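Take a look at the structure set out below.
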Amino acid sequence: DLLDKLQDELRFVLITSKADVKPLAQADVAEGELKGLAVKVIRSAHCKCPRCWHYSDSKDSHSLCSRCVENVDGYGEVRKFA
């Protein structure tokens with residue numbers, strides 16, 4: 001479906017650091033369900049990138065995430081949708 005097509009770019013649409021799509025039967029939420037959709041929000045334990053503000057597994061909060069390093073020093077990321 002549409003959310004699956006967005007793949008890794010779904011996080012940009014939702015303005016979040018990470019977004020996963022799973023079958024509704026696997027949803028683990030207690031409240032906030034809409035018909036056919038369940039959303040679970042989890043606070044990240046990772047560091048926030050000082051450039052893009054996304055949370056990543058960078059070792060410290062003063063270094064750029066790998067995505068920003070590629071966008072600044074490399075060829076940049078390629079997006080299809082967002």
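The values are calculated or read from the model by the stated rules, or taken from the named source; none is laboratory data. Because the structure is predicted, anything quoted here is derived from the model rather than measured. Backbone-built Cβ (ideal geometry, glycine too); neighbour counts: all protein chains shown.
Numbers for the structure displayed
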quantity	calculated
Test: residue in the stretch 8-26 that is at pLDDT below 80, assigned to a loop (DSSP other than H, G, I, E, B) and surrounded by 12 or more Cβ atoms within 10 Å (Cβ to Cβ)	no
Residues located in the stretch 27-44, provided they are assigned to a loop (DSSP other than H, G, I, E, B) and either modelled with pLDDT of 85 or more or aliphatic (A, V, I, L, M) (or both)	Ala27, Val29, Ala30, Ala38, Val39, Val41, Ile42, Arg43, Ser44
Verdict on Ser58 being part of a loop (DSSP other than H, G, I, E, B) and either modelled with pLDDT of 85 or more or exposed (fewer than 12 other Cβ atoms within 10 Å of the Cβ) (or both)	no
Residue that is nearest to Asp4 (Cα to Cα) [pool: residues in the stretch 66-78 that are in contact with a Lys or Arg (Cβ under 8 Å, 6 or more places away or on another chain) and at pLDDT 90 or above]	Cys68
Residues (in contact with a Ser or Thr (Cβ under 8 Å, 6 or more places away or on another chain) and either under 13 Å from Lys18 (Cβ atoms) or not aliphatic (A, V, I, L, M) (or both)) located in the stretch 59-82	Cys65, Ser66, Arg67
